[in-house]
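Working notes, beginning with the structure itself.
Values quoted throughout were computed directly from the atomic coordinates according to the rules given, and no laboratory measurement underlies them. Remember, it's a predicted structure, so these values are computed and weren't measured experimentally. Glycine also receives a Cβ, built like all others from the backbone with ideal geometry; neighbour counts cover every protein chain displayed.
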Amino acid sequence: MLPAELNNLNMPKENALHWLGEVGLQERANNFPKTLSGGEQQRVALARAFIMKPTILLADEPTGSLDELSGNRIIELLFGLNRANNSTLILVTHDQTLADRCQRQIHLQGGRLL
């Protein structure tokens, strides 16, 4: 919430709870990070990013620690935010099916861009 408050976004607490709900964690809003699983922590990180409505969103293996259902939900949120805000989404993945959903693909092999 602090970045939202510092940027004078309206209703930072309500927005935080909304995005926690979107990633399926609203009931865990009062939990400390160390009590969350790795996948839950990853979803909280995405919720924190969504609050700010970024024009550029960098996502490095955004579904790496998630089960299939949560992963699909997060992917839909990423692409939805991308469309709704006309933002740029830079996504790093080893999942070719996910990469195929992107408008443009850049491949890296042996440390070189192909």
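Of all residues in the stretch 51-72, those that are assigned to a helix (DSSP H, G or I) and either loosely packed, with under 12 Cβ neighbours inside 10 Å or of a type in the set (Phe, Trp, Tyr) (or both) total 2.
Evaluating Leu66 against the criteria (1) out of contact with any Lys or Arg (no Cβ under 9 Å at 6 or more places or on another chain); (2) under 18 Å from Leu25 (Cα atoms); (3) of a type outside the set (Gly, Ala, Ser) leaves one unmet condition, (1). Only residues that are in a helix (DSSP H, G or I) and among the polar types (S, T, N, Q) were counted across the stretch 74-90, and they come to 1.
Looking only at the stretch 91-111, how many residues end up being part of a loop (DSSP other than H, G, I, E, B) and out of contact with any helix residue (DSSP H, G or I) (no Cβ under 8 Å at 6 or more places or on another chain)? Within the stretch 91-111, residues that are part of a loop (DSSP other than H, G, I, E, B) and out of contact with any helix residue (DSSP H, G or I) (no Cβ under 8 Å at 6 or more places or on another chain) number 10.
Checking Ala84, Ala59 one by one, the residue that is of a type outside the set (Lys, Arg) and out of contact with any helix residue (DSSP H, G or I) (no Cβ under 7 Å at 6 or more places or on another chain) is Ala84 and no other.
If you scan the stretch 87-105, which residues turn out to be surrounded by 10 or more Cβ atoms within 10 Å (Cβ to Cβ) and either touching a strand residue (DSSP E or B) at 6+ places or on another chain (Cβ under 9 Å) or within 16 Å of Leu57 (Cβ to Cβ) (or both)? Correct list: Ser87, Thr88, Leu89, Ile90, Leu91, Val92, Thr93, Leu98, Ala99, Arg101, Cys102.
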